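Take a look at the structure set out below.
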Amino acid sequence: MPDVIVNKAIYCDGVRQAIDGDISDAFTDARHRGDCFLWIGLHEPTQEEFDLITSEVSLHPLAVEDAIHAHQRPKLERYGDTLFIVLKPLLYVEETSDIEVGEINLFLGRDFVISVRHGQANPLGGVRRRIESEADLMAAGPAGVLYAICDEVVDTYSRLSHEIEGDLIGLEHRVFSGEHDDVTADIYSLKREVLEFRTAQDPLIPVLEEIVKGRVELCTANREQFRDVLDHLLRVDARIDEYNELLTSVLNAHLALVGREQSAAAMQQNADMRKISSWAALVAVPTMIAGIYGMNFDYMPELHWLLGYPFSLGVMVVAALIVHRLLRKSGWL
């Protein structure tokens, strides 16, 4: 368990107390005091590793299964006096401009918080430091922990939305710069990132609305704080919707420009082919006549005619001029 438990502490009267002994003793101590709560942080535990926690706290097996296997959408579920909440933190990778999606599963009771984290996106270290430095959050207990985590996750959404905006502006410049770069793959890649973003943040809206409406007893005292988080999330949601629509417009504009360039190239190719065909037609007439007179027959008309050679050349020139005039008149030359 030491590798799985990334942090554990008891919070009493605004003071963090480290847990040095057995976790079961820590749970017993927190319950006996009455004004304390225990926060245990886990990272990708297995079923066997999670059994120690479930033996101390009565957690619903379906919620435990979701927490262990992850890949859940943001949600809030009630199992008796315990809340099970799933959040999707995001991590922006500067080198690739990709968004990595993590997962935080929270079990909240009156005197405990159990957080199960999956992936590399980890806002919980900063949340712990914030709670330990703000007395009002510490006094709010598990509800204060939930608020601080939601606030940090939504703040990350806001920061990442600005990163997406920067990538979108860069794509717009490339599309309309006139350099004729094919950015179709980059546009689709950014749209996929926006879709992952929306998948993480959209389902969180009804979760926060449920809390703000006072339907979650544990968080009733913190409704105003959660309302502020919801307001920020709705602004991010509107911004991401705008980016998605703008990306669609950029893609359509790019495809239109690419289509226009391809049409222009095709028209130029057609013009080039017509010119080549025209010159081939001009050469074909004298080639035909020269080919006839190049045959070695003893009895050919005009074979021994004194004016036959200049007459043949004249016919070639006149025929070529006639063909040239016809081609110019038709627009092929």
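Descriptive notes on the structure:
- Largest to smallest principal axis extent of the C-alpha atoms in the chain, angstrom: 132, 39, 30
- Rounded, prolate or oblate (a/c below 1.5 giving rounded, otherwise prolate when a/b exceeds b/c) for the range 82-210 by Cα gyration tensor: prolate
- Around the Cα centre of the range 104-201, unit charges on the Cβ atoms of Lys, Arg, Asp and Glu (plus for the first two, minus for the last two) sum to a dipole of about 540 debye.
- The relative contact order of the chain, computed from alpha carbon pairs under 8 Å that lie at least 6 residues apart in sequence, is 13 percent.
- Measuring max minus min along each principal axis, the C-alpha atoms of the range 91-134 give extents of 42, 23, 8 Å (largest first).
- Convex hull of the range 1-131 built on C-alpha atoms - directionally averaged projected area, nm²: 8.5
- One chain, two ends: Arg198 and Glu95. Fully extended at 0.36 nm per residue, the span grows by 34.9 nm beyond their Cα-Cα distance.
- Counting charges near His60 (Lys, Arg +1; Asp, Glu -1) among other residues having Cβ under 12 Å from its Cβ returns a value of -3.
- What the Cβ-Cβ distance of Thr54 and Glu179 gives, at R0 = 35 Å and to the nearest 0.05, is a FRET efficiency of 0.05.
- Contour minus Cα-Cα distance for His232 and Ala320 (0.36 nm per residue): 23.8 nm
- Taking trypsin sites (Lys or Arg not before Pro) across the range 197-231, the ones in a DSSP loop with at most 13 further Cβ atoms lying within 10 angstrom of their Cβ are Lys213, Arg215.
No value in this document is a laboratory result; all are computed from the given coordinates. What you see is a predicted model, and the numbers here were worked out from it, not measured in a lab. Backbone-built Cβ (ideal geometry, glycine too); neighbour counts: all protein chains shown.
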